[in-house]
1. How would you classify segment 169-232 from its alpha-carbon gyration tensor, with a ≥ b ≥ c the square roots of the eigenvalues: rounded for a/c under 1.5, else prolate if a/b is greater than b/c, otherwise oblate?
2. Under the Karplus relation 6.51 cos²θ - 1.76 cosθ + 1.60, θ = phi - 60°, what is the ordered set of whole-Hz ³J(HN,Hα) values for segment 297-309, x standing for Gly and Pro?
3. Cβ neighbours within 10 Å, averaged per peptide: list 333-342, 139-148 in order, most packed at the top.
4. Could you size up the charge dipole of segment 340-407 around its Cα centre, putting +1 on the beta carbon of Lys and Arg and -1 on that of Asp and Glu, and report it in debye to the nearest 20?
5. Quick query: amide H of Arg37 versus all other amide H atoms, modeled in the peptide plane; which residues come in under 5 Å with a sequence gap of 5 or more or a different chain?
6. Would you work out the relative contact order for segment 81-183, in percent, from Cα pairs under 8 angstrom that are 6 or more residues apart?
7. Return a whole-number percent for the relative contact order of segment 330-414, with Cα pairs under 8 Å and 6 or more residues apart as the contact set.
8. DSSP beta bridges in the chain, what fraction antiparallel, as a percent rounded to 5?
Amino acid sequence: MDTSRPLLRRAGALAAMAVTLMAAGACDDSTGTSNRREVTIGGIFSLTGNWSSLGVTSKAALELAIEDANAQAAGSGVTFVADVRDTKLDPAAALAAVQSMRGDGVQIIIGPQSSAELAAIKPYVDANPVLIVSQSSTAGSLAIAGDHIFRFTAADSLEGVASAALAYGDGIRTLIPVWRADAGNQGLHVATRRAFAARGGTVSSGVEYGATTTSFTATIAALGTQVRAALATRPASEVGVYLAGFDEIADVFTAAAADPVLASVRWYGADGIAQSSALTARPAAVSFAETVGFPSALFGLDLTARTSWEPIAQRIQQRAGNAPDAFALAVYDAVRVAALAYITSRDGVDVDSLAARYAQAASSYHGATGWAALNAAGDRRYADFDFWAIRPSGTSHAWTRVAGYETRSGTLTR
């Protein structure tokens, strides 16, 4: 791979941004007076609820991206400011935040994190245009062309292919899925089920648990029944569990640790838990995760371009206190693309025009998460995946990259 080209293209995009900013003009042609604009970029993240590990780093990423955009725009007359609201991963709270922000004149909002939140705000956004850019929603049901919703990650079908490839490559031939009852995790379960079956594997009916579940005794009992049924016909080395959820997985693991049969097979995870600090903070969950392997898929970063994204990741970690994943870095890129979209217009711009400018800016932008080009549905066109698992690190444990999947070539690396 020619690693210099992406970096040069990214540098070129940023240079073009600077030129365009200055061309946008700091003063009115006829009067020479200041023509200053303040643009608010909203953020709706789970800061105190489920999946707050991503929410906190997303907030830091948005704030840092705005600082960098303002530094680039110095002297242009354009200033960007942040307005961040806490959704607690609650769809109703996400909708209320969008309604409030739009009432305040905000045209573009980064987030929400989950597909359930995105599904809840879509009818309002369709009727009351505001541009939404989610960093982590994956539900295929929301891949709709022509709306005002963009996603800086790929739809669930690509992640399902990657997860199935890893499990099947490990020798798993029967997969038992467990998933949280929300649009995103349901979509990941369906995509992984379909891809695993396409490889010739068998998928059990699986177990779904409610989005508000706090006790997982019944879930684990039902899962244990299906795992035992699979073990009656296959050796443990060919039986696996696929788990799609959020921070509550720490409670799932704590409950599962009491059943030695569940600890005898390998487990695989989805993007909602990969690199989560909520899991590493629970010793019992860490112990179980290490026992069962639990490589979890996550939208991947180009390791050959580490010098491009690592400084940004370090700054986010310094501000947030937690290491960011690719979803948080996607927030940074989404904000920088928003800045590019705004500064191509000298004066105000309506949401429809902003959406067109946003897609155009994304098409040639190479940032922390690589090429940001979007497909016809407004989702990320290209996506590779990393698999992260909890492994010993010194006297503690940490999320460690253990495998990767390159989507375009279908190549699995370990």
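1. oblate
2. 6, 8, 3, x, 9, 6, 5, 6, 10, 4, 5, 7, 9
3. 333-342, 139-148
4. Values: 6 positive and 7 negative charges, 46 e Å.
In total the dipole reaches around 220 debye.
5. Answer set, sorted by chain and number: Val78, Thr79.
6. That works out to 22 percent.
7. 17
8. Of all bridge pairs located within the chain, approximately 35 percent are antiparallel.
The values are calculated or read from the model by the stated rules, or taken from the named source; none is laboratory data. All figures in this text were calculated on a predicted structure; none of them were measured in a lab. Glycine gets a Cβ as well: all are built from the backbone with ideal geometry, and neighbour counts include every protein chain shown. Accessible surface is based on the protein model in full, side chains and every heavy atom, while ligands, DNA and RNA are left aside. Shrake-Rupley method; radii C 1.70, N 1.55, O 1.52, S 1.80 Å.
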